[in-house]
1. Using the reciprocal of the averaged 1/r over all distinct C-alpha pairs, how large is the Kirkwood radius of segment 33-125 in Å?
2. Testing the spin-label approximation: label points 7 Å from Cα along Cα→Cβ at Gln233 and Asp132. State their distance in nm.
3. Set the Förster distance to 41 Å, then compute FRET efficiency between Asn58 and Ser170 from the Cβ-Cβ distance, nearest 0.05.
4. Return the subset of Lys39/Lys67; Lys23/Lys67; Lys25/Lys50; Lys39/Lys123; Lys23/Lys69; Lys25/Lys69 for which the Cα-Cα distance in this structure is over 31 Å, preserving the input order.
5. R0 = 25 Å: FRET efficiency of Cys91 with Glu177, Cβ-based, nearest 0.05?
6. Once amide H atoms are placed 1.01 Å from N in the peptide plane, what residues at a sequence separation of 5 or more from Leu17, or on another chain, have their amide H within under 5 Å of its amide H?
7. Name the long-range amide H neighbours of Gly135: under 5 Å, sequence gap of 5 or more, or other chain; modelled H, no Pro or chain starts.
Amino acid sequence: MKFIDITGNKYNMLTVLGVSHRKNKKIYWNVRCDCGTEKTVEGAHIKSGKLLSCGCKNHLPKHSMTKTKLFSIWVGMRRRCCNPNTERYGCYGGRGITVCDEWNNKKDGSINFIEWALSNGYKEGLTIERIDVNGNYEPSNCTWATRQEQNRNKRDMAFVEHDGELQLLSDIARSTEISESAIRGRYRAGLRGEELTTDEKYKARGEKHGRAKLKEHEVIEIKERLNNGETYQDIADRFGISKGYVCRIKTGRRWAHIA
Ligand SMILES: [Zn+2]
């Protein structure tokens with residue numbers, strides 16, 4: 001039989017990742033289900049189109065719209081946490097957020113999830129929300145939210161890198177004891193990373209006028225270092241200012257009056 005590479009093809013919920021092995025003249029392929037589960041299946045079986053999913057869809061009643069909707073919510077939840085190729089994985093699985101065993105289990109995880117949803121306030125149009133945004137998808141940490149609540153939560157959810165991991169502004173505020181509104185203000189002003197919480201870089205600390213970031217003797221030193229060919233980055237790091245600010249000093253848009 002002629003070998004046809006089906007890598008990358010998608011059959012129902014299954015995407016082919018590549019060849020796994022050959023056995024008894026049959027080719028077996030590694031596939032990933034939309035729900036995030038990976039498994040190995042025989043080529044003819046997947047190409048027939050009869051295989052719908054990794055098995056996660058097997059127990060689903062075919063004619064219930066509500067259950068079908070809940071099933072796709074379940075698939076989306078698992079994808080965000082288990083499939084690194086998903087766009088938003090970085091904010092979920094990439095941050096260590098997982099789906100509990102009861103819901104993650106391939107055999108009846110979707111059924112457990114749907115049962116939980118139906119007996120815990122799910123209604124058409126609601127979305128699943130985690131109560132603690134750093135917590136996992138599990139019954140004790142999940143609730144159903146309206147679109148309005150969802151939008152409010154989304155607005156509050158700006159993930160930024162802080163201490164080497166993606167965190168919410170509200171969590172950064174909590175861990176640093178700087179007020180959340182101050183951190184939001186800094187965020188809106190374009191500050192990122194440790195600039196969000198390092199006061200020295202944010203506070204005005206000039207000598208003569210409040211908006212200056214540097215003291216005159218520092219500017220003199222910066223200009224000397226520029227003349228000696230030191231890089232913008234090194235100078236920026238040394239004085240705790242941005243590279244752009246060093247550039248503005250160099251080109252005379254800032255501190256032009258200092259020789
Ligand atoms: Zn699946």
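1. Details: mean 1/r = 0.0709 Å⁻¹.
For segment 33-125, the Kirkwood estimate is 14.1 Å.
2. Label-label distance for Gln233 and Asp132, simple model: 3.8 nm.
3. On the way: r = 40 Å, r/R0 = 0.98.
Once the sixth-power term is evaluated, E becomes 0.55.
4. On the way: Lys39/Lys67 25 Å; Lys23/Lys67 38 Å; Lys25/Lys50 21 Å; Lys39/Lys123 33 Å; Lys23/Lys69 38 Å; Lys25/Lys69 40 Å.
Going by Cα-Cα distance, Lys23/Lys67; Lys39/Lys123; Lys23/Lys69; Lys25/Lys69 fall outside the 31 Å limit.
5. Values: r = 25 Å, r/R0 = 0.99.
Computed FRET efficiency for Cys91 and Glu177: 0.50.
6. Under 5 Å from the amide H of Leu17: Gly8, Asn30, Val31, Arg32.
7. Here nothing satisfies the definition.
Values in this text are rule-based calculations from the coordinates and carry no lab data. Computed from a predicted structure; not experimentally measured. All Cβ positions, glycine included, derive from the backbone under ideal geometry; neighbour counts span all protein chains shown.
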